[in-house]
């Protein structure tokens, strides 16, 4: 098996409602995130690739970019930390990557120049693990 990766930018605003009111991230602010998707799969016997980067771009555009870019992430994720964003991206991108004949195995996000989060899909990932992830990602902020 071989992996390939593709990096996509997202520019958006967010606030972290679960932080104390005096925390800088409690206020609305913006970032440029660079999201790297890593996919794993067999080489196509004729084409010699795992997936067409253009098909991966189209899936990204439909499922992530049009939802988050130049918007407010809180409209989609109740508490949009980089960690929960990585999980959300995995949840929404896994099915279209699977439809391309590969598996999404890693979501890596750089938030600015100094912060990075990596979500690794465990080999034993199953429906129950996905449901636990969804519950974590979509949990409403605490009051």
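None of the figures in this text is laboratory data; all of them are computed from the coordinates on show. Because the structure is predicted, anything quoted here is derived from the model rather than measured.
Data for the structure
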{"quantity": "The chain: relative contact order in percent, alpha carbon pairs under 8 Å with at least 6 residues between", "calculated": "29 percent"}
{"quantity": "Degrees between helix 82-99 axis and first principal axis of the chain (Cα, 0 to 90, nearest 10)", "calculated": "30 degrees"}
{"quantity": "DSSP beta bridges in the chain [antiparallel fraction, %, rounded to 5]", "calculated": "95 percent"}
{"quantity": "Acute angle (nearest 10 degrees) that the helix 127-137 long axis makes with the longest principal axis of the chain, alpha-carbon atoms", "calculated": "30 degrees"}
{"quantity": "Value at 222 nm in deg cm²/dmol, rounded to 500, when DSSP H runs of n ≥ 4 in the chain each add -39,500 (n - 2.57)", "calculated": "-8000 deg cm²/dmol"}
{"quantity": "Where Rh is the Kirkwood radius over Cα pairs, Rg/Rh for the range 2-137", "calculated": "0.99"}
